[in-house]
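Rule-based calculations on the coordinates, nothing more; no lab input. All of these numbers come straight from a predicted model, not from anything done at the bench. Glycine gets a Cβ as well: all are built from the backbone with ideal geometry, and neighbour counts include every protein chain shown.
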Amino acid sequence: MEYSPRVVATVVVLTGICTAMIALLGPRAGIAPLNTENLVLAAILVTLIICADFFEIDAPLASARVTVSVSAAVCFAAAISLGPVLGCVVAGMGALVVELIQRTALIKTVVNVVNYIMAAFVGGYVYWSLADVSMSPIASIENFAATLLAAGAYTIVNTGTISIVIAQVLEQPALQLWLANFRGAIFEHISLPTLGVMIPVLYRESIFALIIVVIPLLGPYLAFRSYRQVHEETRETLSVLADMLDRRDPYTAEHSQRVSDMVAIMLQNYPDVSFDEYETVITAARIHDLGKVTTSDATLLKPGKLEAHEFEEMKRHSVAGAEIMGNISIFSDVSTIIRYHHERWDGTGYPERVSGYDIPLGSRLIAVADTYDAMTTDRPYRSALSHQVAIDEIRRNSGTQFDPAAVDALLKAIGEPIEVPSCAVQNMKPSD
C-alpha cells in the first residue's frame, strides 16, 4: 500500500516531535540505576512486550484496521519501573523486534515504534515527576494517584498518535476520530497500562512471580476480543440480511450496497461530519431497507400499483427496521436514521411527518441516493428510467421532497452540474 505525501509528512513530524521531546526532557528525567537487577528487568520486559504484541485485538473501526495490544501494560511497567528514558528504550526495542519479525512495511514500523516510545516516555515522565520512586507504585496514596495520572497520559499519547496517523489516511479530523473510536473504550485503554503496576510489585518479590501477571492481562485481552468480535459479527450479519433481502426481490439486487456506496461519496460534501457519524450513516445506508423483511411477498413483489392498504404495509418497513436495530444498543443512532429515511424535506413524508433539519442528516442523504437508485433500476411495475430523467426528477423535488444540500451532494457525486430550481424551498434554517 502506498501512502500519500500527507501521511508520510505526518509520520515525519511525529518522529521529530518524539525525538525533540526526549532530547529536551530526557536529561531532566529520572532513570533507574543501570545495575544488573534493572538490566535483567529490562530484558524481561522487552521479551514480554514481544510476546504480548502477538496477542492484539482489532478496535471497532469499520474503515481502518487499528489494533489494541496488551503490551501496553508491559510498556507502562517499563516506564514506571525504569524511568521515562530507559522505559521508552525498552518499549521501542520491543516494538521494533515485533515489526521486524512480522516484516511490517517501513512506515507502519516507524509509526508503531514512535508510538510505543512516546507513550512510554510521557507516562514514565509523569510518574517519575510526581511519585516517590523509592517506593512501590501502590505504597502510598500519592504514588497511586501518580500511577493513575501516568496511565491516563500514556493512554492519551498511545491512542492519540495512532488517531493522528489514521486520520491522515482516512482524511478525517484527528480529534473526531479519536473521540469516536476511543472514548467508548477509555476504561479498557487505561486499565491495560494500569495493570502494569503489578509487574514492578511482583518483580520485587521474585523474578518468577512475573508469570502471575499473565493471568490478569488475559482479562482485558479477552474482553477486547469479545467486544470486537460481537461488533463485527453483528455488522456482518446485518449486511448479509440486507443482501438476502435484495435477493428476495430480483429487481433490487445489490440495491443496499449501491445506496451505501453513493452515500459514502455524498458524505465527502460534508467535511464537518464527525468520524463516528460518518460510520453510523454508512451503516444505516447499508441496511436502510432491513424492515422489509416484515413486508409480505404479495406487496413487495406486486407488479402493479399498490392498493392503499398495501402501501400502508410497505410504509411500515422504516419503523420495522428501526425497531430491529433499536434492540442493539451500539446501533441506536443507526436505528434513528433508518426510521426517518422516508421523511420529506417539506414534512409530508412518513412515518412521523418531520421536516427540514429535524430529519437526521443520514436519513436525508439516504432518501436522495435511495430514490436515484430506485428510479434507475428495473422494477416490477416499470422499466428503469434513464439517468437524465432521474436527475431531472430529483432536481425538480429539491426543496420539497429532498434536502437541497443533499441533492447538491448527489449531483457532485455523479458529476452533474448543480442547478436547483429557483422555486425550491431553500430558506429553512437548522432552528426550524
Give the residue list of chymotrypsin sites (Phe, Trp or Tyr not before Pro) in the stretch 311-417 that are DSSP loop and have at most 11 other beta-carbon atoms within 10 angstrom. 381
Quickly work out the residue 416-to-residue 169 label distance, labels modelled 7 Å from Cα along the C-beta direction, and quote it in nm with one decimal. 3.5
Simple spin-label estimate for residue 130/residue 23, 7 Å along Cα→Cβ, in nm, reads 2.9
Potential lengthening between residue 348 and residue 376 on full extension [0.36 nm per residue; Cα-Cα distance subtracted]: 7.7 nm
Given a Förster distance of 22 Å, the FRET efficiency implied by the Cβ-Cβ spacing of residue 396 and residue 357, rounded to the nearest 0.05, works out to 0.50
Once you place label points 7 Å from the Cα toward the Cβ at residue 237 and residue 305, how far apart are they in nm? 4.2
